[in-house]
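Input: a single structure, listed below in structure tokens.
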Amino acid sequence: MTPRLGLAARTANMNVSAIREILKVVSRPGVVSLAGGIPSPDSFPIEVISALVPTVLDKYGSAALQYDLTEGFPPLREAVSGLLRERGIEASPDDILIASGSQGVLDGIGKTLINPGDLVAVEAPTYLGAIQAFSPYQPDYLEIATDSDGVIPESLDEVLAGNEVALVYLVPTFQNPTGRTVPLERRMRIAEIIRRRGVLLVEDDPYGALRFRGEPVPPIASLAPEHVVYVSTLSKVFAPGLRIGFAVVPGELRDWLVIAKQGVDLHTSTFNQALAAEYITGGFLAEQVQRIIEIYRPKQELMMRALAEDFPDGFTWSQPDGGMFVWVEGPAGFDMDGVYARSVAAGAAFVPGKYFFTKPGAGGATMRLNFTTAEPDELSRAIAIIGAAIETELVSSP
Ligand SMILES: Cc1ncc(COP(=O)(O)O)c(C=O)c1O
């Protein structure tokens, strides 16, 4: 007899990622995809890794292959502590946890902090992977309004005034999906609000190091360290396949996250952590970030020019100074689904923005564009195709 499969209520809560489904369709030959959210393969430091593998084996020997602390491999926590100091965050190695990608931290946070029915406040739009990480723990979402400068502090304050939330989740720098960055003055107000309201903020910062121009803005964690779990990763500045993320976690939450991780995977790959430690302390990270910026900046500038040439009046887009994404907004009531179907048929794909909202019906006139993976000539062609699809859509369903 086949076993009876009694799915847990939380399992039924796990949605199939709509974006993964889109990515399957658009990975067909002949379709230029601006839909992905992944680094350019040209950005991976393959030669550096070849050189570091023997170094790791010589230096750490069997320790690099053995079980290790759940908190993280000590030399990597030491290296991350130095990296964070450059970002304005004072954290001792003991304050730092290593996880299997920042996604591993987000899951741990959901597991340790969210009860069914708890409220979680997120930006509208927000990073879909965070929703995927939190949703199995069955929260309800509250949306914080955003504009071209990212999250609006007054909206955050209003959301928190009427509700007791388990946590606030924000991506303040080169956000996925919008590419927007919250300016310093807003960060200070956000820090003041979360302190005054006694709320925990999860600040997710995978893209901050990928700044193409302008001055860096300090993480909110540096302004309200007791109230912020700062989450970051080497995925966009080393290699996502190595799955190295890290977090600075205040107070007793750190101990709970360690206990939760023990039950998940005991610890993140020791060998990959040792590689990451050498990558940071050997100065390779700093060099590689510059190389990655040199790959991405011209592509982002090309996308900006192509959008200005090919997208019709009434459409606006974010002007990110870094990261991997541009966000396009059409006139109210416009339907990006129609554009999506026309574009894919003509050979170019993007992600309709509605998938990044927690409330059904929102974001119908928006789209996310990625500029890291397509080659420059493909990128221009894809924007021309999408622009033409918008024009057709405007004429056929005015
Ligand atoms: C905002 C954000 N957070 C977290 C992640 C997950 O990254 P990691 O590879 O570190 O798990 C991503 C990846 O796209 C992201 O965009």
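Table: residues versus (1) in contact with a helix residue (DSSP H, G or I) (Cβ under 7 Å, 6 or more places away or on another chain); (2) more than 22 Å from A224 (Cβ to Cβ).
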| position | (1), (2) |
| --- | --- |
| S43 | yes, yes |
| L65 | yes, yes |
| E86 | no, no |
| K111 | yes, yes |
| I114 | yes, no |
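The set of residues from the range 154-172 being assigned to a helix (DSSP H, G or I), of a type outside the set (A, V, I, L, M) and crowded, with 19+ Cβ neighbours inside 10 Å is empty. Taken together, E393, E378 contain a single residue that is open to solvent by 10 Å² or more (accessible area, probe 1.4 Å), in contact with a Lys or Arg (Cβ under 7 Å, 6 or more places away or on another chain) and in contact (Cβ under 8 Å) with a residue 40 or more places away in the chain, which is E393.
Is it the case, given these coordinates, that G364 is in contact with a helix residue (DSSP H, G or I) (Cβ under 7 Å, 6 or more places away or on another chain), farther than 17 Å from V32 by Cβ, surrounded by 22 or more Cβ atoms within 10 Å (Cβ to Cβ) and not hydrophobic (A, V, I, L, M, F, W, C)?
Details: in contact with a helix residue (DSSP H, G or I) (Cβ under 7 Å, 6 or more places away or on another chain): yes; farther than 17 Å from V32 by Cβ: yes; surrounded by 22 or more Cβ atoms within 10 Å (Cβ to Cβ): no; not hydrophobic (A, V, I, L, M, F, W, C): yes.
Here the answer is no, as G364 does not meet what is asked.
Just to be sure, is V328 more than 30 Å from L83 (Cβ to Cβ) and assigned to a strand (DSSP E or B)? Even if it seems obvious, please write down each step before you answer.
On the way: more than 30 Å from L83 (Cβ to Cβ): yes; assigned to a strand (DSSP E or B): yes.
Considered against the rule, which asks whether it is more than 30 Å from L83 (Cβ to Cβ) and assigned to a strand (DSSP E or B), V328 comes out as yes.
For A51, indicate whether it is of a type in the set (A, V, I, L, M) and touching a residue at least 24 places away in the same chain (Cβ under 8 Å). No, not satisfied. Taking (1) in contact with a strand residue (DSSP E or B) (Cβ under 6 Å, 6 or more places away or on another chain); (2) touching a residue at least 24 places away in the same chain (Cβ under 8 Å) in turn, Q132 satisfies each apart from (1).
So, G333, is that one in a loop (DSSP other than H, G, I, E, B) and either touching a residue at least 24 places away in the same chain (Cβ under 8 Å) or under 29 Å from P139 (Cβ atoms) (or both) or not?
On the way: in a loop (DSSP other than H, G, I, E, B): yes; either touching a residue at least 24 places away in the same chain (Cβ under 8 Å) or under 29 Å from P139 (Cβ atoms) (or both): yes.
Answer is yes for this residue.
Summed over the range 119-149, residues that are more than 13 Å from the ligand (Cβ to nearest atom) and closer than 24 Å to E192 by Cβ total 13. Of all residues assigned to the range 201-221, none qualifies as being within 16 Å of the ligand (Cβ to nearest atom), touching a residue at least 40 places away in the same chain (Cβ under 8 Å), of a type in the set (G, A, S) and part of a strand (DSSP E or B). When the residues of the range 22-44 are filtered to those that are over 19 Å from the mean Cα position of the chain (by Cα) and touching a residue at least 12 places away in the same chain (Cβ under 8 Å), the one that is surrounded by the fewest Cβ atoms within 10 Å (Cβ to Cβ) is G30.
Going by the conditions given, is T358 of a type outside the set (D, E, K, R), open to solvent by 10 Å² or more (accessible area, probe 1.4 Å) and within 24 Å of P298 (Cα to Cα)? I'd like the intermediate steps shown before the answer.
Details: of a type outside the set (D, E, K, R): yes; open to solvent by 10 Å² or more (accessible area, probe 1.4 Å): yes; within 24 Å of P298 (Cα to Cα): no.
Taking the combined requirement at face value, the residue does not satisfy it.
Could you tell me whether any residue of the range 364-377 is closer than 15 Å to G179 by Cβ and among the small types (G, A, S)? Scanning the range 364-377, I find no residue that is closer than 15 Å to G179 by Cβ and among the small types (G, A, S), so the answer is no. Against the numbered list (1) more than 30 Å from V159 (Cα to Cα); (2) in contact with a strand residue (DSSP E or B) (Cβ under 6 Å, 6 or more places away or on another chain), V202 comes up short only at (1).
Screening W317, W327 for residues that are without any contact (Cβ under 8 Å) to a residue 60 or more places away in the chain and buried (at least 17 other Cβ atoms within 10 Å of the Cβ) leaves exactly one candidate, W317.
The values are calculated or read from the model by the stated rules, or taken from the named source; none is laboratory data. What you see is a predicted model, and the numbers here were worked out from it, not measured in a lab. Neighbour counts run over all protein chains shown; Cβ positions are idealised from the backbone, glycine included. Accessible surface is based on the protein model in full, side chains and every heavy atom, while ligands, DNA and RNA are left aside. Shrake-Rupley method; radii C 1.70, N 1.55, O 1.52, S 1.80 Å.
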